[in-house]
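Asker: Below is a structure I'd like to ask you about.
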Amino acid sequence: MKPCPAASLLSISLLSLKPCHAQILQKRDLIAPASFDNGWTYQGCFIDVGRTISAASTTDAAMTNEECTSYCFGLDFPYAGTEYYTQCYCGSSLATGGTNTTATDCNTPCGGNSTQACGGPDRLTLYKSSKVTGPEVNPGPNGWVSQGCYAEGTTGRALTYQLGSVANAQMTVAACTSGCKAAGYTFAGVEYGGECYCGKSLSNGAKPAASGCTMTCNGNSTEYCGGPSLLNLYTYGSSSSGTATTTAGQPAQTGTCPAQPALVGKYNWYGCYTEGTSARALAATTYADDGMTLESCATFCAAYTYFGVEYSRECYCGNSFSAGSKLTTSSDCSMTCAGNDCDFCGAGNRLSVYSLNAPGSGSSSGSSPPSGTTTSATQQPTGLPQGWQSYGCYVDGVNGRILNEQNPDDPNLTLESCAASCASQNYTIAGAEYSKQCFCGNNIVNGGVKANSSTECNTPCAGDSSEICGGGGRMTIISKGTPAVLAPPAPVPVVGNWTYQGCYEDNINQVHTFFWQNIFANTMTPEQCLNACGEYGYMAAGLEYGQECYCGDPENIKTAGSTKRPESECNVPCPGNASAICGGGSRLSTYFYTGTPFYSWGFPAAGTAAAGSYEQLMGGVCVPLMVTQAVTGKVVFLEKWGTGEPNSTGAYELDLTLVDQYKLAWREMHVKTDIFCSGGVTLPDKAGRQLNVGGWSGDSTYGVRLYTPDGSAGVNGTNDWQENVDVLKLQDGRWYPTAMNMANGSVLVVGGEEGSNGAPIPTLEILPYTGTAPLYMDWLERTDPNNLYPFCSVLPSKGIFVAYWNEARILDENTFATIKVLPNIPGAVNNPMAGRTYPLEGSAVLLPMHAPFTEPLGVLICGGSSEGASYALDNCVSTYPDVENATWAIERMPSQRVISCMAPLPDGTYLILNGAHHGVAGFGLADSPNLNALLYDPQKPLGHRITVMANTTVARMYHSEAITLLDGRVLVSGSDPQDNVNPEEYRIESFTPPYLKNGKPRPSFTVTNKDWSYGQSITVNLGGPAQNGAIQATLLGSVTSTHGNSMGARTLFLDISCAGTTCTVTAPPSQYIAPPTWYMFFILDGGIPAVGVYVRVGGDPGQIGNWPKAAGFSVPGV
């Protein structure tokens, strides 16, 4: 089973009701003590919005408010709340929507004190402590010490390793520091609320910052996690940033940072020296370390008169200097120590030298220090690996090492052994330097060039004095073929169809210029970043800090207010291509895609016919969470019952012919258990009964509810929902299940959870009951909780397609074994685990099929979200499951969208609407309503199928619906976000598509036969000759809309031929093209639909019309 962090489970929780019957709950006079020790005071009875406070929790059968406040105080949380007898929650702040409500709503007694109120269903008895303050700098957990707030480096990251093992949403100081320690690092820094970086030293000129580390940690809002380009820095053990005492006896660094200390232990500053002409200046012994400090080198050289540090990380010892080493200006030693950025440790061909003797002058005098002797050599190497040869003397260290991989120093080094070592590591170039050093690579980088003379390489090899192994700042190069020399780092002007635009600002007002961030640690090249962005349809990309890749659109530059900066500010080489620049500190090396555009969207002018329009249809009587247009033409609305409004009956029916007569238009119906988050379909029986299964908790989860539509236009029916859990129920109780009509006339019920955010129900079962127990599906258990309301459909291949989370597969219709596993569904450009089903909720439909139905069936899924950061997706994906080697095609949407709906239209297009720009499904878990409607036309090329339609003014968030009506409009309803921003939505809107607004005449038709057999010829009479173009006939499956899942949706274009106004339509050929059920039938004239009628296709092969034979249920027969 997939591990699921507690935060993820809490993020979709609503409330934790035990099975109960509302009629036996009685209110009691309960008290909430006014205060407790440690500054706790009663705040009131608060709404729990899943969850209002969620940083920590505990349960106890003997729970009291005192116990809960004590528990939360021990964890340093200022808020504590009890809920539903036994539950205790802690937090640092209240979630949006967690507001004070009526005190009597907190009506469940504490398990440990029946006189006290411990919250209630969806209610918290809330306390706050005055002794727990707001967010603070964590002083350092488990041996780590806070060093304060530091600005990022000017030429790269202050700490160069980004830790990826802690999710952004769960970041805390403890998580970051422990992760860095486990990875072997002694420096850790938290940034931007959720980013963790590690290192063994500070790099790239990072310096203390006076302020700005003000963003709280995403995983613990009581502590700070840096800010934009700012780190809360921590060091472990004796490590230090160079701003404080590090070990006993070592003075604290003061004054300018970086600087050259006058004293290191017992050693005095002696000056900045060059290397010798034919040997190391200090040649007695040496070592190198990525954590090098002056102190560590002094300790290593304690037995010698002199020590010197070169190139940040190399330590040399000696009692005298080799010939040719000379004192130079102190400023030449300009590279900071690898283990302490506040000290200088030499440079290329420069040593920061310290002596036990009297201090040196520290300035150039041209004189030489005490020296030893040198030797000369001229012999060329033999015995090299096959194809290798010497290519002369190269200059090293001007802009950095010219070969990136350094081997351990070798006292027996020869040119042959260096080349053999590099070849064994699959490198093609070897470089020998200063007698003992061997470097490897596949390219000469950082501006490496041949020396003016071969005599500049003049140090004999330590293992063979007849050979030359480089010199001071010089490498003897041996290569397999002519060595490739890469230019010094510079922006790459053109990469494929991408063109460089310049160096641009990032993090303006703490917001990234381009939204989507990827991290390509140690590998990034412009090609890698641009290809990633291009795969998901982004036409702008920015490279930053060497390893960060951002994707977006060219318009984001203007929207963010980003301005072009001098090229010198983008100065970090790409780790995967040292000749390319990958941005800088808060600077983006920016590219635009200049080839054929990945996308092109239509933007008809507002108010024109081409944009469609929203209209206010009427006020409602409920906040629906499931909607269906019945075969009578009336619309059935189902809402929460028991957990909803106190006067709700749970079910209502709307007569669309009476919308101008509010009281007459609505009919009250009734359910007996809570249909909150259930599934439903229209059955294939002759009455077109509606089936509803599952629900919220207890008996509701087992519910099987049936409604036989009756009445007619303007005339109310009398039938009501029928339900009796004692005689008819599911075998497994289910919350968030999917229902699907099968090809054999049965109903498949898939997945769900136990009610009230319980354990997964990883099974499927058949209705009517066949005598077979529910079948276990490992893939449902493994992917819980992100697989709820899976998208299911019958395929022409006779398989059953199922999409859930980010996976999809085809099941055998008889055994339900997996026939085929499809490639994973693409998610976000930076998160392949982003999902499409509840709670990462997108919407899905089947693409149109056309007679003679020989082409494969397509699936379209739009929107969704990701765990943790809850970034909504801005793409649609499509596939053809029955195709061999099926793949997913990605196409961009104009904006991010989650908890959306999609309605198939009779002309073969789809209306995408409702939802939010950010978040996931659940109460209070999404924000920023997406008010756009989009029209998706699959007849157009990929990337060009979307037209941006009209906007609504009504936020349609969690629990909203959209269904296509027989008159060709789309009915839009619902929204129950419980976010204290957007209201519960009773208003009902309609959306009028462009085909009803372009002024063309609508056709009309009559059809007598409304009960079709497969392949049957059906006579249709038109109301007049075609006026707009070709005559078409379509079927739309009867839809039950809930949670982005249009259960039953299917679009079929039928074969039709006409003689005058008499037409013959051929019904679909089989149950695998059109599973038996009821369909809306439309005639179109030049794309303009007539008002449709319901027809039944395929009869009732499973004789479901005789089911159930149980008390309290009426059946229509077959």
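Asker: What is the residue count in segment 848-870 for residues that are at pLDDT 95 or above and either outside the structural domain of residue 945 (by TED's automatic domain parsing) or of a type in the set (Ser, Thr, Tyr) (or both)?
Answerer: Summing the residues that are at pLDDT 95 or above and either outside the structural domain of residue 945 (by TED's automatic domain parsing) or of a type in the set (Ser, Thr, Tyr) (or both) in segment 848-870 gives 2.
Asker: Then there's this: What number of residues within segment 189-199 are aromatic (Phe, Trp, Tyr) and either assigned by TED's automatic domain parsing to the domain that holds residue 519 or in a strand (DSSP E or B) (or both)?
Answerer: The number of residues fulfilling the criteria is 1.
Asker: Regarding residue 625, is this residue outside the structural domain of residue 520 (by TED's automatic domain parsing), in contact with a His (Cβ under 7 Å, 6 or more places away or on another chain) and crowded, with 22+ Cβ neighbours inside 10 Å?
Answerer: yes
Asker: Which of (1) crowded, with 18+ Cβ neighbours inside 10 Å; (2) within 30 Å of residue 923 (Cα to Cα) does residue 848 not meet, given it meets every other one?
Answerer: The number of the failed condition is (2).
Asker: How many residues does segment 210-237 contain that are out of contact with any strand residue (DSSP E or B) (no Cβ under 9 Å at 6 or more places or on another chain) and either in a loop (DSSP other than H, G, I, E, B) or within 20 Å of residue 161 (Cβ to Cβ) (or both)?
Answerer: 2
Asker: Further question: Please go through segment 432-471 and pick out each residue that is touching a Gly at 6+ places or on another chain (Cβ under 7 Å), without any contact (Cβ under 8 Å) to a residue 60 or more places away in the chain and of a type outside the set (A, V, I, L, M, F, W, C).
Answerer: If the condition is that a residue be touching a Gly at 6+ places or on another chain (Cβ under 7 Å), without any contact (Cβ under 8 Å) to a residue 60 or more places away in the chain and of a type outside the set (A, V, I, L, M, F, W, C), then 433, 450 are the ones that fit.
Asker: Conditions: (1) surrounded by fewer than 19 Cβ atoms within 10 Å (Cβ to Cβ); (2) modelled with pLDDT under 95; (3) not charged (D, E, K, R). Residue 580 meets all but one. Number of the miss?
Answerer: Exception for residue 580: condition (1).
Asker: Sort through 455, 513, 476, 482 and tell me the only one that's hydroxyl-bearing (Ser, Thr, Tyr) and touching a Ser or Thr at 6+ places or on another chain (Cβ under 6 Å).
Answerer: 513
Asker: Do you know which residues across segment 446-479 are among the hydrophobic types (A, V, I, L, M, F, W, C) and either surrounded by 24 or more Cβ atoms within 10 Å (Cβ to Cβ) or touching a Cys at 6+ places or on another chain (Cβ under 9 Å) (or both)?
Answerer: 451, 457, 461, 462, 468, 469, 475, 477, 478
Asker: Restricting attention to segment 481-523, which residues are at pLDDT below 95, part of a strand (DSSP E or B) and closer than 30 Å to residue 397 by Cα?
Answerer: Selection gives 485, 490, 519.
Asker: Right, something else. Given (1) within 18 Å of residue 513 (Cα to Cα); (2) within 25 Å of the chain's Cα centre (by Cα), identify the lone condition not met by residue 567.
Answerer: Failed condition: (2).
Asker: Give me the residue from segment 524-551 that is more than 21 Å from residue 870 (Cα to Cα) and of a type in the set (Ser, Thr, Tyr) and, out of that set, modelled with the highest pLDDT.
Answerer: So the residue we want is 525.
Asker: Here's something else I'd like to know. Of the conditions (1) buried (at least 23 other Cβ atoms within 10 Å of the Cβ); (2) assigned by TED's automatic domain parsing to the domain that holds residue 37, residue 202 clears all except one; give me its number.
Answerer: Among (1) buried (at least 23 other Cβ atoms within 10 Å of the Cβ); (2) assigned by TED's automatic domain parsing to the domain that holds residue 37, the lone unmet condition for residue 202 is (2).
Asker: So, in segment 879-919, of the ones that are surrounded by 21 or more Cβ atoms within 10 Å (Cβ to Cβ) and among the small types (Gly, Ala, Ser), which residue ends up farthest from residue 790 (Cα to Cα)?
Answerer: 908
Asker: With the condition kept exactly as written, say whether any residue in segment 236-246 is touching a helix residue (DSSP H, G or I) at 6+ places or on another chain (Cβ under 8 Å), at pLDDT 80 or above and not β-branched (Val, Ile, Thr).
Answerer: Yes: one or more hits.
Asker: Still on this structure: Residue check: is residue 943 surrounded by fewer than 20 Cβ atoms within 10 Å (Cβ to Cβ) and more than 18 Å from residue 620 (Cα to Cα)?
Answerer: Taking the combined requirement at face value, the residue satisfies it.
Asker: Any residue at all in segment 1028-1037 that is among the polar types (S, T, N, Q), farther than 26 Å from residue 847 by Cβ and more than 45 Å from the chain's Cα centre (by Cα)?
Answerer: no
Asker: Is at least one residue of segment 105-126 in a helix (DSSP H, G or I) and not assigned by TED's automatic domain parsing to the domain that holds residue 339?
Answerer: yes
Asker: Right, next: Specify which of the listed residues (845, 877, 883) is more than 30 Å from residue 983 (Cβ to Cβ), modelled with pLDDT of 95 or more and not in a loop (DSSP other than H, G, I, E, B).
Answerer: 877
Asker: Here's a follow-up. Test of understanding: among 1033, 1049, which residue is modelled with pLDDT of 95 or more, within 29 Å of residue 739 (Cβ to Cβ) and part of a loop (DSSP other than H, G, I, E, B)?
Answerer: None of the others qualify; the one that does is 1049.
Each row is one residue, and each column tells you yes or no for (1) in contact with a strand residue (DSSP E or B) (Cβ under 8 Å, 6 or more places away or on another chain); (2) part of a loop (DSSP other than H, G, I, E, B); (3) of a type in the set (Val, Ile, Thr); (4) surrounded by fewer than 23 Cβ atoms within 10 Å (Cβ to Cβ).
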| site | (1), (2), (3), (4) |
| --- | --- |
| 921 | yes, yes, no, no |
| 924 | no, yes, no, no |
| 928 | yes, no, no, yes |
| 933 | yes, no, no, no |
| 938 | yes, yes, no, yes |
| 962 | yes, no, no, no |
| 966 | yes, yes, no, yes |
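Asker: All but one of (1) at pLDDT 90 or above; (2) surrounded by fewer than 18 Cβ atoms within 10 Å (Cβ to Cβ) hold for residue 68; state the number of the condition that does not hold.
Answerer: Against the list (1) at pLDDT 90 or above; (2) surrounded by fewer than 18 Cβ atoms within 10 Å (Cβ to Cβ), residue 68 comes up short only on (2).
Asker: Of the residues 81, 97, 74, only one is of a type in the set (Gly, Ala, Ser), at pLDDT 85 or above and under 27 Å from residue 977 (Cβ atoms); which?
Answerer: 81
Asker: Go through segment 163-188 and report how many residues are of a type in the set (Ser, Thr, Tyr), crowded, with 20+ Cβ neighbours inside 10 Å and either in contact with a helix residue (DSSP H, G or I) (Cβ under 6 Å, 6 or more places away or on another chain) or not in a helix (DSSP H, G or I) (or both).
Answerer: 3
Asker: Let me ask something additional. Any residue at all in segment 891-910 that's in contact with a strand residue (DSSP E or B) (Cβ under 9 Å, 6 or more places away or on another chain), part of a loop (DSSP other than H, G, I, E, B) and over 30 Å from residue 632 (Cβ atoms)?
Answerer: no
Asker: Residues of segment 752-795 being out of contact with any Leu (no Cβ under 7 Å at 6 or more places or on another chain) and small (Gly, Ala, Ser), which ones?
Answerer: Across segment 752-795, the qualifying residues are 755, 758, 759, 771, 773.
The values are calculated or read from the model by the stated rules, or taken from the named source; none is laboratory data. Since the model is a prediction, treat every value here as computed from it, not as a measurement. Heads up, the Cβs are rebuilt from the backbone with ideal geometry, glycines too, and the neighbour counts pull from every protein chain shown.
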